[in-house]
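Please treat every number below as a calculation from the coordinates, not as lab data. All of these numbers come straight from a predicted model, not from anything done at the bench. Heads up, the Cβs are rebuilt from the backbone with ideal geometry, glycines too, and the neighbour counts pull from every protein chain shown.
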Amino acid sequence: MALLGPAEVRSLAAELDVRPTKQLGQNFVHDANTVRRIVASAGVGGADTVLEVGPGLGSLTLALLDVADAVIAVEIDPKLAGRLPQTAAERAPSRAGQLTVVEFDALRVKASDIPGAPSALVANLPYNVAVPVLIHLFSELPSLRTALVMVQAEVADRLAADPGSKVYGIPSVKAGFFGTVKRAGSVGRSVFWPVPKVESGLVRLDRYPEPPWSMDDKHRRAVFAVVDAAFAQRRKTLRAALSGWAGSPVIAERRLREAGIDPSARGETLDAAAFVRLAGTQA
């Protein structure tokens, strides 16, 4: 398996006349050791169909093809999507047939757009849509049992934060709705082209083996509506923050007490289970 280095990444970009854009959140990894480390941290193997979002020029894709049963790459950029199968054929000819490229916006992709049932998400997520993409894919694809994603370090901290911490918020709760989340390491800036202005981090999300609550679309939307309302005005008591959601401060207090939550508490102190209980109270 011939992975991509700095020279190959720049050569491919020049061939395609690709200039990484802030709009698409593009920073291409050009360090082989980094992509090997990501794949190892993901723990994927020959039994896995891996979903990759934003494969770009194919650095991580090649490393995934080396170990996974199959790779499904979702790429929004038509130039990059068109070139990726050729890159795989050139650098991993014996594995290229295991790659499927889906030219699509990952924020809008549906289960019906994805061939098969991917078991793992492994990706260098575009930094400007990292959290929405992660939440959308876990909502849309119940076959995903785990994810190992590279995001901005600040986003990684937010996703893996515990209740009560300064950076705990909507990303933390929504990721925690699906499973357990933890930081899985840091990634320096020098392994990217162009070099970003911020550090990156790895986050692992493992779906609950036995879901503690319903994962259906209606229930998830109901829970997420409470989460969004609770954090819309930070540092407000839940009684005040949820008055619009509930219809009045009085109804908000009743529902909070029904869920076993102190109405004077703040959203930053509640875990996903508490929000699930609250969403399930009588309107």
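With the cut-off at 24 Å, report for region 1-111 the share of all Cα pairs above it, as a whole percent. List each step's numbers first, then the result.
On the way: 1039 of 6105 pairs.
Cα-Cα pairs of region 1-111 separated by over 24 Å account for 17 percent.
Rounded to the nearest 20 debye, what is the charge dipole size of region 6-207 about its Cα centre when +1 sits on each Lys and Arg Cβ and -1 on each Asp and Glu Cβ?
My answer is approximately 480 debye.
Give me the tail of P(r) for region 217-279 as a percent: Cα-Cα pairs with distance above 18 Å.
Working: 396 of 1953 pairs.
Result: 20 percent of Cα pairs exceed 18 Å.
Can you grab the distance from the C-alpha centre of region 50-117 to the C-alpha centre of region 239-269, Å, no decimals?
45 Å
Quick one: P(r) of region 140-255 from all Cα-Cα pairs, 10 Å bins, percents rounded to integers, in order of increasing distance.
Spelled out per bin, shortest first, that is 13, 34, 32, 17, 4, 0.
Work out the charge dipole of the chain with +1 on the Cβ of Lys and Arg and -1 on the Cβ of Asp and Glu about the Cα centre, then indicate which of Phe224, Ser190, Pro93 is farthest towards its positive end.
With unit charges placed on the Cβ atoms, the residue in question is Phe224.
Would you mind checking the pairs Lys79/Lys182; Lys174/Lys197; Lys110/Lys182; Lys182/Lys236; Lys197/Lys218; Lys110/Lys236 and listing those with alpha carbons more than 32 angstrom apart?
Violating the 32 Å Cα-Cα cut-off are Lys79/Lys182; Lys197/Lys218; Lys110/Lys236.
Kindly provide the helix-only [θ] at 222 nm of the chain, computed as the sum of -39,500 (n - 2.57) over DSSP H runs of four or more divided by all residues, to the nearest 500 deg cm²/dmol?
Details: 12 runs with 112 residues, N = 283.
My calculation for the chain gives -11500 deg cm²/dmol from helical runs alone.
Hey, rough spin-label estimate for Asp69 and Ala47, points 7 angstrom out along Cα→Cβ, what's it come to in nanometres?
0.9 nm
Excluding Leu141 itself, what net charge comes from residues whose Cβ is under 12 Å from its Cβ, given Lys and Arg +1 and Asp and Glu -1? Mind dumping the intermediate values first?
Values: positive: Lys110, Arg145, Arg207; negative: Asp113, Glu140.
So the surrounding residues net to +1.
Rank by packing, highest mean first: peptides 187-196, 236-245, 149-158, with packing defined as the count of other Cβ atoms within 10 Å averaged across residues. Let's see the in-between values first.
Details: 187-196: 15.8, 236-245: 19.8, 149-158: 22.2.
Order by mean packing, descending: 149-158, 236-245, 187-196.
When the gyration tensor of region 60-106 is built from Cα positions, what are the square roots of 5 times its three eigenvalues, in whole Å, from largest to smallest? Before the final figure, lay out each step's value.
Numbers: eigenvalues 62, 27, 11 Å².
Result for region 60-106: semi-axes of 18, 12, 7 Å.
For region 261-267, what does the Karplus curve 6.51 cos²θ - 1.76 cosθ + 1.60, with θ = phi - 60°, yield as ³J(HN,Hα) per residue in whole Hz, taken in order and with x for Gly and Pro?
Running phi through 6.51 cos²θ - 1.76 cosθ + 1.60 with θ = phi - 60° gives 10, 5, x, 8, 6, 10, x Hz.
Could you calculate the contour length gain from Glu210 to Gln233, that is, 0.36 nm times the residue separation minus the distance between their Cα atoms, to one decimal place in nm? Write down the numbers at each step before the final one.
Details: separation 23, 0.36 × 23 = 8.28 nm, distance 3.31 nm.
Length difference between fully extended and current span is 5.0 nm.
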